[in-house]
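See below for the structure under consideration.
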Amino acid sequence: QVQLVESGGGLVQPGGSLRLSCAASGIKFSIYTMGWYRQAPGKQRELVATLTSGGTTNYADSSKGRFTISRDNAKNTVYLQMNNLKLEDTAIYYCSALGNLINYWGQGTQVTVSS
């Protein structure tokens, strides 16, 4: 059974930082492309960042320079370090695991940026 469990969300002021974590089980983590997506109220789910098994990263324009995706294959965990958070970063953040033509999703973690 595949499980992706996100953690680390919360309430933060503009300009603050958060680090999200996603612990995976039930997959051969090291071969999967891991990613973070987000969905704000009334909007479609959108890419935040992805990281392939080979270490190639892809960031949305809105994430570049502020967010960093990383992974620890020994811990089956992917991270998203978010710095200089803005009001428009408020959303539910979802972890994604893509491999063997199957895309798994976590339940999401809420990130709220508010003063």
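The values are calculated or read from the model by the stated rules, or taken from the named source; none is laboratory data. Keep in mind that what you see is a predicted model, and the values were worked out from it rather than measured. Glycine gets a Cβ as well: all are built from the backbone with ideal geometry, and neighbour counts include every protein chain shown. Ligands, DNA and RNA are stripped out before the accessible areas are found, and what is left, the full protein with its side chains, is counted by its heavy atoms. Shrake-Rupley method; radii C 1.70, N 1.55, O 1.52, S 1.80 Å.
Looking at the structure I just gave you, is TYR37 more than 17 Å from GLY9 (Cα to Cα), under 12 Å from the mean Cα position of the chain (by Cα), open to solvent by 30 Å² or more (accessible area, probe 1.4 Å) and modelled with pLDDT of 95 or more?
Values: more than 17 Å from GLY9 (Cα to Cα): no; under 12 Å from the mean Cα position of the chain (by Cα): yes; open to solvent by 30 Å² or more (accessible area, probe 1.4 Å): yes; modelled with pLDDT of 95 or more: yes.
When the stated conditions are applied, TYR37 does not pass them.
Can you find even one residue in segment 45-53 that is surrounded by 17 or more Cβ atoms within 10 Å (Cβ to Cβ) and β-branched (Val, Ile, Thr)?
Kept after step one, since they are surrounded by 17 or more Cβ atoms within 10 Å (Cβ to Cβ), are these residues of segment 45-53: 48-51.
This time we only want the ones that are β-branched (Val, Ile, Thr), so: 48, 50.
So far as segment 45-53 goes, yes, one or more of its residues are surrounded by 17 or more Cβ atoms within 10 Å (Cβ to Cβ) and β-branched (Val, Ile, Thr).
Filter segment 67-101 down to the residues that are modelled with pLDDT under 95 and in contact with a helix residue (DSSP H, G or I) (Cβ under 9 Å, 6 or more places away or on another chain), then identify the one that is surrounded by the fewest Cβ atoms within 10 Å (Cβ to Cβ).
Of everything passing the filter in segment 67-101, ASN100 is surrounded by the fewest Cβ atoms within 10 Å (Cβ to Cβ).
Name the residue, out of THR50, THR68, that is under 11 Å from the mean Cα position of the chain (by Cα) and touching a residue at least 40 places away in the same chain (Cβ under 8 Å).
Matching residue, one of THR50, THR68: THR50.
Between residues in segment 102-115 that are among the β-branched types (Val, Ile, Thr) and at pLDDT 95 or above and residues that are open to solvent by 40 Å² or more (accessible area, probe 1.4 Å) and in a loop (DSSP other than H, G, I, E, B), which pairs lie under 6 Å by C-beta distance while being six or more apart or on different chains?
VAL113/PRO14
How many residues are under 15 Å from VAL111 (Cα atoms), over 11 Å from the mean Cα position of the chain (by Cα) and not small (Gly, Ala, Ser) if we restrict to segment 13-34?
3
What are the pairs with Cβ atoms under 9 angstrom where one residue, in segment 4-26, is closer than 18 Å to TYR94 by Cβ and surrounded by 13 or more Cβ atoms within 10 Å (Cβ to Cβ) and the other, located anywhere, is among the aromatic types (Phe, Trp, Tyr) and at pLDDT below 95? Sequence gap at least six, or different chains.
Cβ pairs passing all conditions: none.
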